[in-house]
Amino acid sequence: MGIIIKPLVTEKMTAITEKANNRFGFIVRPDANKLEIKKEVEALYNVTVVAVNTIRYAGKSKARYTRAGLINGRTNAYKKAIVTLKEGDTIDFYSNI
């Protein structure tokens, strides 16, 4: 297992979840496919997955100016999965806090 890295809890994903109550986002391994993501979510959260949409994000180059000079860096590339659940199913990310 270990396909899902972490659930995605951002302002944008929260807005999507509020609009359609049965959609949730996850950061997943870049080599994971939709069938693996579906099995993992169903096993971890005991829900029925209807659809999985995936998005790959490329890492971006970043530069910042400091007293020591210009520092160049790069943000991480990652893959995001938006999972649609069966009507009535839900996932509570805050239950074990």
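I need a count of the residues in the range 23-39 that are more than 12 Å from the chain's Cα centre (by Cα) and either open to solvent by 100 Å² or more (accessible area, probe 1.4 Å) or charged (D, E, K, R) (or both). So the count comes out to 6. Only one of the numbered conditions (1) over 17 Å from residue 24 (Cβ atoms); (2) open to solvent by less than 100 Å² (accessible area, probe 1.4 Å); (3) not in a strand (DSSP E or B) is not met by residue 92, and that is (1). Within the range 22-40, residues that are at pLDDT 95 or above have Cβ atoms under 7 Å from residues that are open to solvent by less than 20 Å² (accessible area, probe 1.4 Å) and among the hydroxyl-bearing types (Ser, Thr, Tyr) in no pair, counting only partners at least 6 apart in sequence or on another chain.
Only one entry in 63, 32, 43 is in a loop (DSSP other than H, G, I, E, B), farther than 19 Å from residue 9 by Cα and either acidic (Asp, Glu) or out of contact with any Cys (no Cβ under 8 Å at 6 or more places or on another chain) (or both), namely 32.
Applying a threshold of 6 Å to beta carbon distances and a minimum spacing of six or more residues, or different chains, the list of pairs starting in the range 76-97 at a residue that is closer than 26 Å to residue 57 by Cβ and ending at one that is open to solvent by 80 Å² or more (accessible area, probe 1.4 Å) reads 79/56; 84/50.
In this structure, is residue 49 more than 14 Å from the chain's Cα centre (by Cα) and open to solvent by less than 30 Å² (accessible area, probe 1.4 Å)? Lay out the reasoning, then the answer.
Working: more than 14 Å from the chain's Cα centre (by Cα): yes; open to solvent by less than 30 Å² (accessible area, probe 1.4 Å): yes.
Judged against the criteria, residue 49 is a match.
Among the conditions (1) open to solvent by 40 Å² or more (accessible area, probe 1.4 Å); (2) touching a Leu at 6+ places or on another chain (Cβ under 9 Å), residue 82 misses just one, which is (1). Criterion first (outside any loop (DSSP other than H, G, I, E, B) and open to solvent by 30 Å² or more (accessible area, probe 1.4 Å)) does residue 76 satisfy it? Answer is no for this residue.
Looking at the range 1-22 only, could you name the residues that are open to solvent by 70 Å² or more (accessible area, probe 1.4 Å) and either part of a strand (DSSP E or B) or more than 14 Å from residue 81 (Cα to Cα) (or both)? Talk me through it step by step, then tell me what you get.
The first filter runs over the range 1-22 and keeps only residues open to solvent by 70 Å² or more (accessible area, probe 1.4 Å), leaving 1, 5-6, 9, 11-12, 18-19, 21.
1, 5, 6, 11, 18, 19, 21, listed by residue number.
Of the residues making up the range 29-53, just one is β-branched (Val, Ile, Thr) and over 10 Å from residue 83 (Cβ atoms), namely 48. Scanning the range 57-73 turns up one or more residues that are among the polar types (S, T, N, Q) and in contact with a strand residue (DSSP E or B) (Cβ under 6 Å, 6 or more places away or on another chain).
The values are calculated or read from the model by the stated rules, or taken from the named source; none is laboratory data. The model shown is predicted, which means the values in this text are computed figures rather than measured ones. All Cβ positions, even for glycine, are placed from backbone atoms using ideal geometry, and neighbour counts span all protein chains on display. Ligands, DNA and RNA are stripped out before the accessible areas are found, and what is left, the full protein with its side chains, is counted by its heavy atoms. Shrake-Rupley method; radii C 1.70, N 1.55, O 1.52, S 1.80 Å.
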